[in-house]
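Values in this text are rule-based calculations from the coordinates and carry no lab data. These numbers come from a predicted model, not from an experiment. Glycine also receives a Cβ, built like all others from the backbone with ideal geometry; neighbour counts cover every protein chain displayed.
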Amino acid sequence: MTRRSGRVLLGIVAASALISLLSFLLVAIDVAVEGGWTMQITGTDLQGGPGTDLVDSHTSAVDQVWLAVSGTTGPGDSWQITVSRTEALWHAELTVQIRRTGDGIGGSLSGGTDFQVVGAAGALLFSGEDDIADIPLQLRVSGLSVQIPPAAYATTITLTVVDL
């Protein structure tokens, strides 16, 4: 099993018995991700006005992020998408979650339709076969509270394709 963020390279060997020529053909499975999400907490996010706590969570649009997998060898070429995050400035009480909200175009998908916590270690989000475009993803941030100091919190979510 080979893992690389965004790209997995496989070497396939082809030999010609007639001239003993050895050549290599590289096949790459690519993952392309488009989108991002910035949210701003304001007074309208208070549960009941001044003196109350914040609404606990914010959820993005169902198609906030789009993902595509290409470069497979066709039907039966299985892969997985793993998800992890890297913190720039983050508060320990905040949680980021992700899920897929559709099947995309082409191929087949399995799993990933329920929100799951995105942590520092890579975890399986969903699996699939063949090339698939336009897979919609949704994000959610929870744990919001007036007890968390105001700041510009940021995290990077990394989606990695793993060829099986």
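Start at zero, step by 10 Å, and the Cα-Cα distances of region 40-126 spread as 13, 36, 29, 15, 6, 1 percent across the bins. A simple spin-label model places pseudo-atoms 7 Å from Cα toward Cβ; at Ser78 and Ile148 they are separated by 3.7 nm. Could I have the simple spin-label model distance between Ile105 and Trp90, label points 7 Å from Cα toward Cβ, reported in nm to one decimal? Each label point is offset 7 Å from its Cα along the Cβ direction, giving 3.3 nm.
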